[in-house]
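Undergrad: Sharing a structure below in structure tokens format, with a few things to ask.
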Amino acid sequence: MNAPDTVTQLGDEAVLETLKDDLLHGFHILDQAGQGTGIAGHLTSRLPGAETFWAHQWRLGFDEVTAGDLVEADFELRTVQGNGTCNPTLHIHTQVYRARPDINCIVHTHAANIVALSVTGAELLPVTQSGCYYFDDVCVFDEFDGVVLGTDEGDAIARVLSDNHAILLKHHGLLTVGDSIADAVIGATVLDYACEIQLKAMAAGRCDTLPEEAARQAKGFIRGPSTLALRWAHQKRKARRARPDIFF
């Protein structure tokens, strides 16, 4: 059987190298943010329009990923470029990619604050400015039936996600999506922080929220292209300083 066309045929080499560089940074940014849980969790990205995506080798934690550990796989999770195989639970991603042509990056982690908030049954509230990153753009998925090895739960997640950019997976973790790696990765770190603040406020017995107009204004600023680019550049610098052996 011939291997499917690779993503390199859909974009020039420079664009692909940028994707792979951002993806590598993304793994280490998430790990430094406390969202690396052993070999669990996923970060994937594709070039616009591709029916393949890039991920890391199954068996590695986020903290271990190097440039040589990135693999390209098709939507049947078959490796078409690179060494090794991708995580067998990545149909969480393939089905979202199929449903959302606007999405080029997906993050799934088991961030502790998000799992904790999800099991309370509470929804994410706009209680901080940075937490407005996903104001009116996040939903809850409470149909978790175990480890995802087929496409059915991926289809269900894609259906519940709809046109939102974040989803709280009850008892499980988070899924953030974006048109860029920067958007989805920064969003995952902000989402966990927002859940942490809300949990502390709930424990104190009071959880006032920002007015809708203020929440929308904050979202427009912190998620705007220029602010996002600055935040992404900062996170990449931090990752390189912390792990120069990875980014040599």
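The values are calculated or read from the model by the stated rules, or taken from the named source; none is laboratory data. The structure displayed is predicted, hence computed values, not measured ones. A quick note on method: Cβ atoms are made from the backbone with ideal geometry, for glycine too, and the neighbour counts reach across all protein chains shown.
Undergrad: Consider residue 92 against the criteria (1) under 22 Å from residue 245 (Cβ atoms); (2) not in a strand (DSSP E or B): it satisfies all of them except one. Which criterion is unmet?
TA: (1)
Undergrad: Here is a list: 55, 73, 116. Which entry is modelled with pLDDT of 95 or more, assigned to a helix (DSSP H, G or I) and not aromatic (Phe, Trp, Tyr)?
TA: Checking each option against the conditions leaves just 116.
Undergrad: Are any of the residues in the range 82-99 under 22 Å from residue 161 (Cα atoms), among the basic types (Lys, Arg) and touching a helix residue (DSSP H, G or I) at 6+ places or on another chain (Cβ under 7 Å)?
TA: No, there is no match, as no residue in the range 82-99 is under 22 Å from residue 161 (Cα atoms), among the basic types (Lys, Arg) and touching a helix residue (DSSP H, G or I) at 6+ places or on another chain (Cβ under 7 Å).
Undergrad: When the range 165-179 is examined, which residues are found to be part of a loop (DSSP other than H, G, I, E, B) and closer than 21 Å to residue 232 by Cβ?
TA: Result: 165, 179.
Undergrad: Further, regarding this structure: Being within 27 Å of residue 47 (Cα to Cα) and surrounded by fewer than 16 Cβ atoms within 10 Å (Cβ to Cβ) is true for just one of 102, 74, 142. Which residue is that?
TA: Exactly one of 102, 74, 142 is within 27 Å of residue 47 (Cα to Cα) and surrounded by fewer than 16 Cβ atoms within 10 Å (Cβ to Cβ), namely 102.
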